[in-house]
Amino acid sequence: MEVIKIKPDNITDVDWKILNELYPNNLKEIIKKLESKYPVQYLIGNVEFCDSIIEVNENVLIPRFETEYFVEKINKKLKIFSQNTLKILDIGTGSGCIIISLAKKNNQYFEAIDISFSALEVAKKNAINNNVNIFFKEKNILKEELDNDFDIIISNPPYVDFNEPVDIAIKYEPQNAIFANKGGLEFYERILKIIKNKPKIIAFEIGMNQGKEIEKMAKEKFPEATISIEKDLTSKNRYIFIENS
Ligand code: GLN
């Protein structure tokens with residue numbers, strides 16, 4: 001049998017070792033996939049995200065670094081609230097990475113929704129593996145309303161405009177987790193529309209050029225809110241927090 005020892009350049013030593021263990025007999029095929037930019041995370045089957053191991057497959061977006069920093073920021077904001085009093089909702093949960101990380105560090109009521117049944121399967125498994133209690137629901141928020149009022153609403157929705165140039169690697173990820181209509185803004189517009197109460201915090205991950213427009217929408221809905229656009233670790237505007245006192 002031919003032995004292939006050549007590690008593709010873009011793969012770390014650690015990942016290469018795992019791939020060798022997982023696919024000892026299919027390395028040729030694996031290298032071919034990696035050369036076509038197939039995500040190594042799907043081949044390995046999990047990623048590390050904010051101190052948790054999150055399983056991933058083609059039904060969920062691969063968690064991004066900027067989303068880890070989003071969770072860090074939300075955790076800081078949640079610190080001032082007392083235990084067990086908040087209802088927290090994650091819209092478009094995908095793998096569940098955000099809400100699971102929050103549920104590990106905070107003792108509140110957590111709910112997460114997604115349009116995709118197969119994504120929810122992954123998220124439920126991840127919640128069990130990480131020992132947290134989250135109530136999951138299948139819901140298409142573009143067509144349906146929210147069932148309840150929530151104190152904290154979090155979302156990293158699809159926000160990439162269909163015309164934006166993107167890395168080819170994302171073609172393997174669920175396209176409905178990445179792209180959105182209205183220049184990528186349709187989910188922010190819709191979420192703000194279907195919120196009926198005045199949540200203490202609405203936290204969105206956003207595209208780096210979307211801050212001003214989302215701020216405007218948020219101001220129309222919540223004229224008295226404190227709104228802050230915050231940067232990710234590469235100094236790009238990446239998050240918006242809408243806080244009602
Ligand atoms: N931030 C992701 C990317 O750049 C897209 C995920 C999203 O739209 N929320 O690929």
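If you take the residues of segment 224-245 that are of a type in the set (Ser, Thr, Tyr) and either assigned to a strand (DSSP E or B) or at negative phi (or both), which of them is nearest to the chain's Cα centre (by Cα)? Once the filter is applied, the top-ranked residue is Tyr239.
Would you confirm whether any residue within segment 60-71 is touching a Gly at 6+ places or on another chain (Cβ under 7 Å) and surrounded by 23 or more Cβ atoms within 10 Å (Cβ to Cβ)? Break it down into steps so the answer makes sense when it comes.
Restricting attention to segment 60-71, the residues satisfying the condition of being touching a Gly at 6+ places or on another chain (Cβ under 7 Å) are 60-61.
Next, from what is left, pick out any that are surrounded by 23 or more Cβ atoms within 10 Å (Cβ to Cβ): 60.
Among the residues of segment 60-71, at least one is touching a Gly at 6+ places or on another chain (Cβ under 7 Å) and surrounded by 23 or more Cβ atoms within 10 Å (Cβ to Cβ), which makes the answer yes.
Part of a strand (DSSP E or B), at pLDDT 95 or above and either among the small types (Gly, Ala, Ser) or crowded, with 16+ Cβ neighbours inside 10 Å (or both), is that true of Ile191? So that I can check it myself, show each step before the final result.
Working: part of a strand (DSSP E or B): no; at pLDDT 95 or above: yes; either among the small types (Gly, Ala, Ser) or crowded, with 16+ Cβ neighbours inside 10 Å (or both): yes.
No, not satisfied.
Per the conditions (1) part of a loop (DSSP other than H, G, I, E, B); (2) closer than 22 Å to Glu230 by Cβ; (3) among the charged types (D, E, K, R), the sole criterion not satisfied by Glu68 is (1).
The number of residues in segment 178-232 that are closer than 25 Å to Asn148 by Cα, in contact with a helix residue (DSSP H, G or I) (Cβ under 7 Å, 6 or more places away or on another chain) and not small (Gly, Ala, Ser) comes to 12.
Looking across segment 86-107, just one residue is part of a loop (DSSP other than H, G, I, E, B), more than 16 Å from the ligand (Cβ to nearest atom) and touching a residue at least 40 places away in the same chain (Cβ under 8 Å), and that is Leu86. When restricted to residues that are part of a loop (DSSP other than H, G, I, E, B) and among the acidic types (Asp, Glu), segment 38-65 contains 2.
So, Phe179, is that one within 10 Å of the ligand (Cβ to nearest atom), under 25 Å from Leu78 (Cα atoms) and out of contact with any Cys (no Cβ under 6 Å at 6 or more places or on another chain) or not?
Details: within 10 Å of the ligand (Cβ to nearest atom): yes; under 25 Å from Leu78 (Cα atoms): no; out of contact with any Cys (no Cβ under 6 Å at 6 or more places or on another chain): yes.
For Phe179, the condition - within 10 Å of the ligand (Cβ to nearest atom), under 25 Å from Leu78 (Cα atoms) and out of contact with any Cys (no Cβ under 6 Å at 6 or more places or on another chain) - is not met.
Taken over segment 186-218, the criterion of being within 22 Å of Asp232 (Cα to Cα), aliphatic (A, V, I, L, M), within 16 Å of the chain's Cα centre (by Cα) and within 14 Å of the ligand (Cβ to nearest atom) is satisfied by Ala203, Ile206, Met208. Checked against the criterion of being closer than 29 Å to Pro39 by Cα and near the ligand (Cβ under 9 Å from one of its atoms), the candidates Pro165, Pro174, Pro157 yield just one match: Pro157. Is it the case that Asp9 is closer than 30 Å to Asp90 by Cα and loosely packed, with under 14 Cβ neighbours inside 10 Å? Taking the combined requirement at face value, the residue does not satisfy it.
The residues of segment 117-136 that are surrounded by 14 or more Cβ atoms within 10 Å (Cβ to Cβ) and in contact with a strand residue (DSSP E or B) (Cβ under 8 Å, 6 or more places away or on another chain), listed by number, are Leu120, Val122, Ala123, Lys124, Lys125, Asn126, Ala127, Asn129, Asn130, Val132, Ile134, Phe136.
Of all the numbered requirements in (1) in contact (Cβ under 8 Å) with a residue 24 or more places away in the chain; (2) part of a loop (DSSP other than H, G, I, E, B); (3) more than 15 Å from the ligand (Cβ to nearest atom), Ala127 misses one, and that requirement is (2). Would you mind stating whether Asn26 is more than 28 Å from Glu243 (Cα to Cα), among the polar types (S, T, N, Q) and either crowded, with 16+ Cβ neighbours inside 10 Å or touching a residue at least 40 places away in the same chain (Cβ under 8 Å) (or both)? Judged against the criteria, Asn26 is not a match. Taking residues in segment 159-179 that are within 21 Å of Asn237 (Cβ to Cβ), and partners anywhere that are in a helix (DSSP H, G or I) and more than 10 Å from the ligand (Cβ to nearest atom), the pairs with Cβ atoms closer than 6 Å and at least 6 places apart or on different chains are Asp161/Gly183.
The values are calculated or read from the model by the stated rules, or taken from the named source; none is laboratory data. Remember, it's a predicted structure, so these values are computed and weren't measured experimentally. A quick note on method: Cβ atoms are made from the backbone with ideal geometry, for glycine too, and the neighbour counts reach across all protein chains shown.
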